[in-house]
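The values are calculated or read from the model by the stated rules, or taken from the named source; none is laboratory data. Note that the structure is predicted; figures quoted are calculated from it, not measured. Cβ placement follows ideal geometry from the backbone for every residue including glycine, while neighbour counts extend to all protein chains displayed. Areas reflect the complete protein model, heavy atoms only, side chains present, ligands, DNA and RNA absent. Shrake-Rupley method; radii C 1.70, N 1.55, O 1.52, S 1.80 Å.
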Amino acid sequence: MPSIHRATAPLLALFSLFALLGTPHAHAQDWPAAKPITYVVPFTAGGSTDIVGRTVAHKLQESLKQSVVVENKPGQAGGIGAAYVAKAAPDGYTLFGGTISTHAINASLYKKLPYDPLKDFEPVTLVARLPNVLIVNAQLGVNSVADLIALLKKDPSKRMFASSGAGTSTHLAGEMLADLIGVPLTHVPYKGTPPAMTDVAAGEVPFMFDQLTAALPLVKAGKLKLLAVTTGQRITLAPELPTMIESGIAGFEMSSWQAIYVPKGTPRPIIQRLHAEIVKALKQPDVKAKLTDQLAMEIVGSTPEELRDHMAKEIPRWAALVKKSGATAE
């Protein structure tokens, strides 16, 4: 019997080696030499998440000496792309551009979310925070937040707001406004910022919340008007705009955010390498100029642990608003 054990021991060792080589951990040392990296953006091209994704992908391609391909998978407030990445191989070849929607708001807005924001992903870094602004049709006849509230209270036909999609921060901003001013508002969701903003500019919907830079071309064209920012402090890109709090809406403060994730189980060395390369990229002048000067973002570059802690606070915060407002995406 001992002789049989001696004979099979080498075979068992060989099988164990093959098994090890078949695991993601065994390939961590060679990463990213095997194949191109896919960076999944869960929204349409041209939005802030897409711009962040393409900016980071370009820098990673330079530093890692490997092709990084951006793939847009929009739908369900980013949920379709998130579900796709949650099921991807945890080998470092799939990255995800997560947001406040995919990794905070969706957790309570959807009853049957096809992924778990905390359990199905490994956080890499919180890229940036960004403000939204309150935008109205230029012909609406309002020049301040107070004017808009007075109109909403007086005229029920104006109690509609557009958003870039159900479950987005722009949707929840409208729900927050309705809750704080005590006026029921009807949410009109669109498939992205451009069509929503086009309809507000055309007067189809009176107002919306969205990103400052997305609105600027239509503001300059005289079709949209900006009333306030949603952050606690005024922003450098538009210092003349008051905050919602300054405008008389006590308690109205929110910031969208952009983050990067990989599938759960991705080897720690790969996450650490990605984190280091991305944070280094975020500090480069051309990246800072694009994200800060053009998009009014506040660059963060957090640790994976800080991003996980941030999500742990954001998920219950938005769940409370969803429950109170009765907001739903289904």
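All of (1) open to solvent by 20 Å² or more (accessible area, probe 1.4 Å); (2) more than 24 Å from Leu134 (Cα to Cα); (3) at pLDDT 95 or above; (4) over 16 Å from the mean Cα position of the chain (by Cα) hold for Lys288 with one exception: (3). Taking the criterion of being part of a loop (DSSP other than H, G, I, E, B) and over 19 Å from the mean Cα position of the chain (by Cα), the only residue of the range 192-203 that qualifies is Gly203. Within the range 52-70, the set of residues being farther than 16 Å from Ala276 by Cα and open to solvent by 50 Å² or more (accessible area, probe 1.4 Å) comprises Arg54, Val69.
Residues that are under 27 Å from Ala83 (Cβ atoms) and among the aliphatic types (A, V, I, L, M) within the range 264-278 comprise Ile270, Ile271, Leu274, Ile278, listed in sequence order. Contact annotation: residue pairs with Cβ atoms under 9 Å, 6 or more positions apart or on different chains, pairing a residue in the range 185-199 that is charged (D, E, K, R) with a partner that is surrounded by fewer than 21 Cβ atoms within 10 Å (Cβ to Cβ) and not in a loop (DSSP other than H, G, I, E, B), are Asp199/Val188.
Residues of the range 227-275 that are at pLDDT 95 or above, of a type in the set (Lys, Arg) and either over 24 Å from Phe43 (Cα atoms) or assigned to a strand (DSSP E or B) (or both): Arg268, Arg273.
Filter the range 182-191 for residues that are of a type outside the set (A, V, I, L, M, F, W, C) and more than 24 Å from the chain's Cα centre (by Cα); which is most open to solvent (accessible area, probe 1.4 Å)? The extreme case among them is Pro184.
For the range 291-316, residues that are exposed (fewer than 13 other Cβ atoms within 10 Å of the Cβ) and of a type in the set (Lys, Arg) total 1.
Within the range 192-203, the set of residues being modelled with pLDDT of 90 or more, surrounded by 21 or more Cβ atoms within 10 Å (Cβ to Cβ) and more than 17 Å from Gly141 (Cβ to Cβ) comprises Ala196, Met197. Gln272 satisfies every condition listed in (1) open to solvent by 20 Å² or more (accessible area, probe 1.4 Å); (2) within 18 Å of the chain's Cα centre (by Cα) except (2).
Here the range 204-226 is the region considered, the condition is being in a helix (DSSP H, G or I) and out of contact with any helix residue (DSSP H, G or I) (no Cβ under 7 Å at 6 or more places or on another chain), and the residue that is most open to solvent (accessible area, probe 1.4 Å) is Lys220. With a requirement of 2 or more residues that are open to solvent by less than 20 Å² (accessible area, probe 1.4 Å), farther than 30 Å from Arg273 by Cα and in contact with a helix residue (DSSP H, G or I) (Cβ under 8 Å, 6 or more places away or on another chain), the strands (runs of 3 or more DSSP E) lying completely within the range 72-181 that satisfy it span 132-137, 160-163.
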